[in-house]
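The structure appears right after this line, and notes come after that.
The values are calculated or read from the model by the stated rules, or taken from the named source; none is laboratory data. As the structure is a computational prediction, the values presented were derived from the model and not from experiment. Glycine gets a Cβ as well: all are built from the backbone with ideal geometry, and neighbour counts include every protein chain shown.
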Amino acid sequence: MKIISRICVALCLFSASLAQAGVVVLQNDKGVVINDSVSFNGDVYNGDWYLPNGTAVGAVYLQHGFTRGGGNYRDLAVAMMNQGMMVLSINAPMSGGNADLANRVADVLANNPPVSPDGRVFPAGNLVLSGHSAGGLHVSLVAERMVNSGNGARIAGLVLFDPVNAFGPFGRAMDALAPTGIPVRAVTANGSLCNTFNDTQGDLRGLPRQYVGIKLTDRSTHVDSEGNNSDIVAKIACGFPREQNILALRDFGVAWAGDMLTGSFSADFYPGGARLNALLNGEDAKLIKDASGTWLTVLDETIGESIYGEDRFTVTVPAGPVGKVEITTRGGSGSADLYVRRHGGVSVWSYDCRDRGWGNNETCTLWGEGTYEILVKAGFWGYSGVNLKARYIEY
């Protein structure tokens with residue numbers, strides 16, 4: 001009997017030790033994921049800690065959407081951990097952004113950050129707030145509380161994934177952030193019932209920042225941030241995520257968060273960057289906010305051609321923080337068709353953009369540096385007095 005009692009005591013102590021230390025749910029050569037309880041001013045929640053090996057570059061508080069859970073963002077959080085970020089994701093009600101919890105989280109992160117299962121203090125002095133859907137509203141409310149309480153300097157930035165307002169105070173939170181230097185970046189999806197038809201887009205565009213992120217446009221879904229961690233119910237309700245959108249969202253979000261925490265600049269993911277321009281040129285994405293830089297004109301000519309004639313021009317857009325490249329024809333008489341190709345070889349069969357509408361008001365929009373060949377082709381009636389202009393935005 002004594003032996004059995006000792007075994008029971010030992011097992012109980014072992015079980016208590018496991019409960020205290022949390023449960024390892026994933027481990028790789030970059031770090032470990034531990035599920036454990038987290039307290040915010042006395043309220044205890046279950047959560048996942050993503051703990052990188054060595055010293056973390058900073059902290060990410062990552063919050064799930066309405067009716068979702070932290071496990072739906074496992075791949076996204078692991079990608080952040082793999083880049084040296086300590087990530088905390090708790091499971092909590094998110095209806096309306098859960099303002100009460102947002103206030104508690106803000107106060108705890110500012111004054112008494114939680115301690116991870118391996119004994120490290122959550123590095124909330126260098127903090128990215130990140131969330132999806134209603135979780136995007138939630139972390140925006142956390143940011144608002146921290147700014148209004150004088151703790152905004154702790155926030156390195158916000159990374160939002162298709163945030164949803166649903167008649168909530170998202171606009172008020174953005175107003176609180178507007179006069180600060182805190183960067184806000186978002187990856188959003190096509191409008192649908194699941195994201196209340198992009199009801200946060202206007203407030204994101206209203207921020208006094210030139211670049212607030214991208215909207216994925218090629219069959220994007222509200223659950224792209226969940227990717228392969230989503231479930232059949234969410235997919236049926238909101239759409240089946242495509243791999244290219246899952247990867248784009250993850251790559252941009254992780255790069256932005258890493259830059260915010262380390263002060264680095266991953267050029268590919270900003271205006272002029274190769275990765276961003278590839279999405280824009282492929283019409284797989286568009287900027288949430290139109291570029292507000294300086295237009296530089298590189299071609300301004302008045303042209304004319306007789307029946308089936310053509311005019312050809314070449315312009316060069318230099319490397320650097322280059323946004324939209326716009327080629328237009330306007331005015332005059334007759335009908336002119338516009339064809340444009342980057343890096344040469346433009347023809348009526350080979351082009352990156354064409355506009356063949358009736359008349360002469362034609363527009364081609366592309367993105368990024370390079371050599372642009374322009375072909376203006378006359379139809380049966382020719383054209384005359386047409387203004388051809390090429391210009392680009394420099395941020």
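Table for the structure above
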item	result
Residue, farthest from residue 192 (Cα to Cα), within the stretch 229-254, restricted to residues that are charged (D, E, K, R) and crowded, with 16+ Cβ neighbours inside 10 Å	251
Candidate set from the stretch 1-57 (those that are modelled with pLDDT under 85 and of a type in the set (D, E, K, R)); member that is nearest to residue 123 (Cα to Cα)	6
Residue match in the stretch 326-344 (condition: more than 12 Å from residue 372 (Cβ to Cβ), of a type in the set (Gly, Ala, Ser), under 36 Å from the mean Cα position of the chain (by Cα) and surrounded by 12 or more Cβ atoms within 10 Å (Cβ to Cβ))	no
Residue that is surrounded by the fewest Cβ atoms within 10 Å (Cβ to Cβ) [pool: residues in the stretch 156-169 that are closer than 21 Å to residue 224 by Cβ and free of Cβ contacts under 8 Å to residues at least 60 places away in the same chain]	165
Residues located in the stretch 255-274, provided they are within 14 Å of residue 323 (Cβ to Cβ), within 14 Å of the chain's Cα centre (by Cα) and surrounded by fewer than 22 Cβ atoms within 10 Å (Cβ to Cβ)	270
Matching residues in the stretch 320-333 - criterion: being at pLDDT below 90 and touching a Phe, Trp or Tyr at 6+ places or on another chain (Cβ under 8 Å)	321, 322, 323, 324
All positions within the stretch 34-43 that are assigned to a strand (DSSP E or B) and in contact with a helix residue (DSSP H, G or I) (Cβ under 7 Å, 6 or more places away or on another chain)	40, 43
Yes/no for residue 142 being in contact with a Ser or Thr (Cβ under 6 Å, 6 or more places away or on another chain) and more than 16 Å from residue 226 (Cβ to Cβ)	no
Matching entry among 376, 322, 317, 348 (being outside the structural domain of residue 273 (by TED's automatic domain parsing) and in contact with a helix residue (DSSP H, G or I) (Cβ under 9 Å, 6 or more places away or on another chain))	322
The listed residue being assigned to a loop (DSSP other than H, G, I, E, B), over 18 Å from the mean Cα position of the chain (by Cα) and closer than 20 Å to residue 45 by Cβ, out of 102, 124, 106, 110	124
Pairs with Cβ under 6 Å, 6+ apart, first in the stretch 227-251 and in the same structural domain as residue 71 (by TED's automatic domain parsing), second outside any helix (DSSP H, G or I) and among the hydroxyl-bearing types (Ser, Thr, Tyr)	238/221; 239/221; 241/221; 245/220; 249/225
Single match in 302, 294 (criterion: polar (S, T, N, Q) and farther than 13 Å from residue 393 by Cβ)	302
Which numbered condition residue 173 fails, given (1) touching a residue at least 40 places away in the same chain (Cβ under 8 Å); (2) over 23 Å from residue 269 (Cβ atoms); (3) surrounded by 24 or more Cβ atoms within 10 Å (Cβ to Cβ)	(1)
Conditions (1) in contact with a helix residue (DSSP H, G or I) (Cβ under 8 Å, 6 or more places away or on another chain); (2) modelled with pLDDT of 90 or more; number of the one not met by residue 67	(1)
So residue 119, is it assigned to a loop (DSSP other than H, G, I, E, B), more than 28 Å from residue 233 (Cα to Cα) and out of contact with any strand residue (DSSP E or B) (no Cβ under 9 Å at 6 or more places or on another chain)	yes
Candidate set: the stretch 328-364, residues that are touching a Leu at 6+ places or on another chain (Cβ under 7 Å) and acidic (Asp, Glu); chosen: the one nearest to residue 315 (Cα to Cα)	352
Yes/no for residue 285 being touching a residue at least 60 places away in the same chain (Cβ under 8 Å), out of contact with any Asp or Glu (no Cβ under 7 Å at 6 or more places or on another chain), of a type in the set (Gly, Ala, Ser) and under 28 Å from residue 373 (Cβ atoms)	yes
Identity of the residue in the stretch 349-395, within 17 Å of residue 307 (Cα to Cα) and charged (D, E, K, R), that ends up modelled with the lowest pLDDT	356
Pairs, first in the same structural domain as residue 179 (by TED's automatic domain parsing) in the stretch 192-206, second of a type in the set (Asp, Glu), C-beta under 7 Å, six or more apart	195/162
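For (1) among the charged types (D, E, K, R); (2) at pLDDT 95 or above; (3) assigned to a loop (DSSP other than H, G, I, E, B), each residue gets a yes or a no:
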| residue | (1), (2), (3) |
| --- | --- |
| 129 | no, yes, no |
| 140 | no, yes, no |
| 156 | no, yes, no |
| 159 | no, yes, no |
| 164 | no, yes, yes |
| 175 | yes, yes, no |
| 180 | no, yes, yes |
| 204 | no, yes, no |
| 210 | no, no, yes |
